[in-house]
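Some notes on the structure that comes next.
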Ligand SMILES: [Zn+2]
């Protein structure tokens, strides 16, 4: 509690300065739980969909909720989770895709695991600067966060047993061993099954019991995994969601036992659309001579490269200021848009990408039609083939199926308040206000949760 009173004393002035309207500075602990891929309708229409999720439904009665959260470009996990804790779009926070740009395909499919790539202040930063203590279990882009007191970061490589040594080495000194001592073996970073999520929830509960962090982030992956494999709303996805609901119930109970005044927020990062077809844009780029392959079949040189993000694809030019190249790629994308096989819904230019908060490195951004998804780079694959995934996200944020979830309960939050549809960037500054700290860069206004 010492941390909280310090924070209150320090930040009240800052909060008042940042807003014209009178603002009551709060200083409540916050538990932020993310269920990857949770569609708002699964909670709002749980009975109709045959879902038994009492712990998620509790937020509708005891707190405030949205009918949908509109995200930024692209609507995929790492960019969205970074928006959720910075309050700014990918163009500003730097996590513009799940995977880092790798035109020569040499990085073994590496993701944006490292917090050093985040170029905006996070809620972890704001909380710790406000004198609060911070914790994390498995939140995306959390390797090397300097403002976490207790960090179990998300990373994986191959799924080999050595991956555990990597997490242990990157976690806060001694934390991995201490939690394993009390809870048994931790989950592999690559494991997105529901058993692994239950293990991570158990570790988060132990972290709450032993350290009572003022701000804790917890990330659960299994619903998204099941929606990709079997489709959104499938029996498999619904079964997993019911188990995650139970895990959320335990997390909330543990938090309220240790921190009865806590605010608890439940979020997701994107919705989901059903899919049947995979599109490999690199086929068209190779055929047009924009990507040249060596004798070994690997990329030897490139002028333009597709950078897939699920249902959409950024197109990066080797020389973005080369107008002839830009025109050539634009003409190719126009030709592909006219080909029903390519399943292109829209091609955005740079001003349109900017309006969606998307990747500033992209000269074009291709939105696929729902049902189609972008395959990874393939030197010899066809333009189109049946997809092994039954569900995908990553489409342009205007697509209604991409809406994500935000629900919140705690002191000062009205009961059963419907906040309607909100902008994802409103969530972080709202949580900052609950903690009595402020995010200097927030791009949109905070939400009105109470009276
Ligand atoms: Zn996700």
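Cβ neighbours within 10 Å, averaged per peptide: list 230-241, 358-369 in order, most packed at the top. Provide the component values of the computation, followed by the final result.
Details: 230-241: 19.5, 358-369: 23.0.
By packing density, highest mean first, the sequence is 358-369, 230-241.
Multiplying the sequence separation of residue 287 and residue 415 by 0.36 nm and subtracting their Cα-Cα distance, what value in nm do you get? Don't skip to the answer; put the middle values down first.
Working: separation 128, 0.36 × 128 = 46.08 nm, distance 5.81 nm.
Here the answer is 40.3 nm.
Extending each Cα 7 Å along its Cβ direction at residue 129 and residue 253, get the distance between those two points in nm, one decimal.
Placing both labels 7 Å beyond Cα along the Cβ direction yields 3.8 nm.
What is the gain in length, in nm to one decimal, between residue 296 and residue 146 on full extension, counting 0.36 nm per residue of separation less the C-alpha to C-alpha distance? Working shown, then result.
Numbers: separation 150, 0.36 × 150 = 54.00 nm, distance 4.21 nm.
Length gained between residue 296 and residue 146: 49.8 nm.
Can you compute the helix-only [θ] at 222 nm over the chain? Use -39500 (n - 2.57) per DSSP H run of at least 4 residues, normalise by all residues, nearest 500 deg cm²/dmol.
Details: 15 runs with 157 residues, N = 451.
After summing the helix terms and dividing by the residues of the chain, the value is -10500 deg cm²/dmol.
Any idea what diffusion coefficient the stretch 145-209 gets from Stokes-Einstein, in µm²/s, Kirkwood Rh on alpha carbon pairs, 4 °C, 1.567 mPa s?
Numbers: Rh = 12.0 Å.
Answer from the Stokes-Einstein relation: 108 µm²/s.
Please report the spacing between the Cα centers of the stretch 68-100 and the stretch 154-191 in Å, no decimals.
26 Å
In percent, how large is the relative contact order of the stretch 50-98, given Cα pairs closer than 8 Å and 6 or more residues apart?
On the way: 30 pairs, mean separation 14.0, N = 49.
About 29 percent, as a whole number.
Report P(r) for the stretch 277-388: all Cα-Cα distances, bin width 5 Å, range 0 to the bin holding the largest distance, values in whole percent.
Percent of pairs per bin, in order: 2, 12, 24, 26, 20, 12, 3, 0, 0.
Give me the percent of DSSP beta bridges within the stretch 256-411 that run antiparallel, rounded to the nearest 5.
Details: 26 of 29 bridges.
If I count the DSSP bridges inside the stretch 256-411, around 90 percent turn out antiparallel.
Based only on Cα atoms, what mean projected area does the convex hull of the stretch 286-339 have, in nm²? Write down the numbers at each step before the final one.
Numbers: hull surface 17.4 nm².
With every direction weighted equally, the projected area is 4.3 nm².
Under 18 Å from a point 7 Å along the Cα-to-Cβ line of residue 182: which residues of the stretch 131-161 have their amide N that close?
Under 18 Å, as judged by backbone N against the label point of residue 182, lie 133-138, 149-153 of the stretch 131-161.
Using only the alpha-carbon atoms, how far is helix 235-258 inclined from the longest principal axis of the chain? Give it as 0 to 90 degrees, nearest 10.
That works out to roughly 30 degrees.
Restricting to the chain, what percent of DSSP beta bridges are antiparallel, rounded to 5? The partial results should precede the final answer.
On the way: 30 of 57 bridges.
Beta bridges within the chain, antiparallel portion: roughly 55 percent.
Sort 160, 211, 393 so that the residue with the fewest other Cβ atoms within 10 Å of its own Cβ comes first and the one with the most comes last.
On the way: 160 12, 211 17, 393 32.
Fewest-to-most Cβ neighbours within 10 Å comes out as 160, 211, 393.
First measure r as the distance between the Cβ atoms of residue 448 and residue 334, then evaluate 1/(1 + (r/R0)^6) with R0 = 45 Å and state the FRET efficiency to the nearest 0.05.
Working: r = 45 Å, r/R0 = 0.99.
Efficiency, rounded to the nearest 0.05: 0.50.
Could you list the square roots of 5 times each eigenvalue of the Cα gyration tensor of the chain, that is, the equivalent ellipsoid semi-axes, sorted largest first and rounded to whole Å?
Values: eigenvalues 272, 108, 97 Å².
Rounded to whole Å, the semi-axes are 37, 23, 22.
Once you compute Rg and the Kirkwood Rh from C-alpha atoms, what is the Rg to Rh ratio for the stretch 316-439?
Working: Rg = 19.7 Å, Rh = 18.1 Å.
Looking at the stretch 316-439, the ratio lands at 1.09.
The numbers here are math on the coordinates, done by the rules we state, and not lab data. Treat the numbers as computed from the prediction; the structure is a model and nothing was measured. Glycine also receives a Cβ, built like all others from the backbone with ideal geometry; neighbour counts cover every protein chain displayed.
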